[in-house]
Amino acid sequence: MGEHDEALRAAGLRATLPRRRVLEVLADRAHLTPDEIARAVPDRECGPVPPSTVYRALDALEGAGLVDHTHLDHGPPTYHLADHEGHLHLVCRTCGTVTELAAGLAADLAARLRRETGFDADLTHMAIHGRCASCADELHRKDPAT
Ligand SMILES: [Zn+2]
Ligand SMILES: [Zn+2]
Ligand SMILES: [Zn+2]
């Protein structure tokens, strides 16, 4: 009985092996593309699983609100376990590091967008791109003018 069975049942889903494995894989490492998940799902317990089964499991899990996806770059979306609050993703253009931050950090921006435009923004769906602190430091050391 895995720790994810309960979450699956609470979400009204049958705890099939592929669904459980998708949750296990994402609990282990977040921000995987569907192909990466499909490669990681088959194991000794689960046996070989066709990618199409994994994609359907991912759809069901996302529909039930157990997993969520975000767009970190121009490639395929990446998936992570859904959390209650949602989080912002900061992606460093130089080293590719993904940093997660509580969505509450952007609450002021979201409130202002709602107030001024009536737009209800989902700020967790797309990543915010830029340069992480250590890459910015490095760049500054090489070229103090930046
Ligand atoms: Zn999307
Ligand atoms: Zn994430
Ligand atoms: Zn960086």
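If packing is taken as the average number of other Cβ atoms within 10 Å across a peptide's residues, how do 30-37, 126-133, 104-111 rank, most packed first? Each step should come with its number before you reach the end.
Numbers: 30-37: 17.2, 126-133: 14.1, 104-111: 12.4.
Listed from highest to lowest mean packing, they are 30-37, 126-133, 104-111.
Given C-alpha coordinates of the chain, what is the ratio Rg to Rh with the Kirkwood estimate of Rh? Display every interim value, and only then the final one.
Values: Rg = 18.3 Å, Rh = 17.2 Å.
Looking at the chain, the ratio lands at 1.07.
Give me the net charge of residue 14's neighbourhood, meaning all other residues with Cβ under 15 Å from the Cβ of residue 14; Lys, Arg count +1, Asp, Glu -1.
Details: positive: 9, 19, 20, 21, 56; negative: 5, 6, 59.
Charge balance in the 15 Å sphere: +2.
Where the accessible area of the chain is counted over protein heavy atoms with a 1.4 Å probe, how much of it, in %, is carbon and sulfur? Please report the intermediate quantities before stating the final value.
On the way: 4890 of 9310 Å².
The nonpolar share, carbon plus sulfur, comes to 53 percent.
Between segment 64-79 and segment 5-19, what is the C-alpha centre distance in whole Å?
20
The values are calculated or read from the model by the stated rules, or taken from the named source; none is laboratory data. These numbers come from a predicted model, not from an experiment. We place every Cβ from the backbone using ideal geometry, glycine too, and count neighbours over all the protein chains shown. These accessible areas exclude ligands, DNA and RNA; they are computed on the full protein's heavy atoms, side chains included. Shrake-Rupley method; radii C 1.70, N 1.55, O 1.52, S 1.80 Å.
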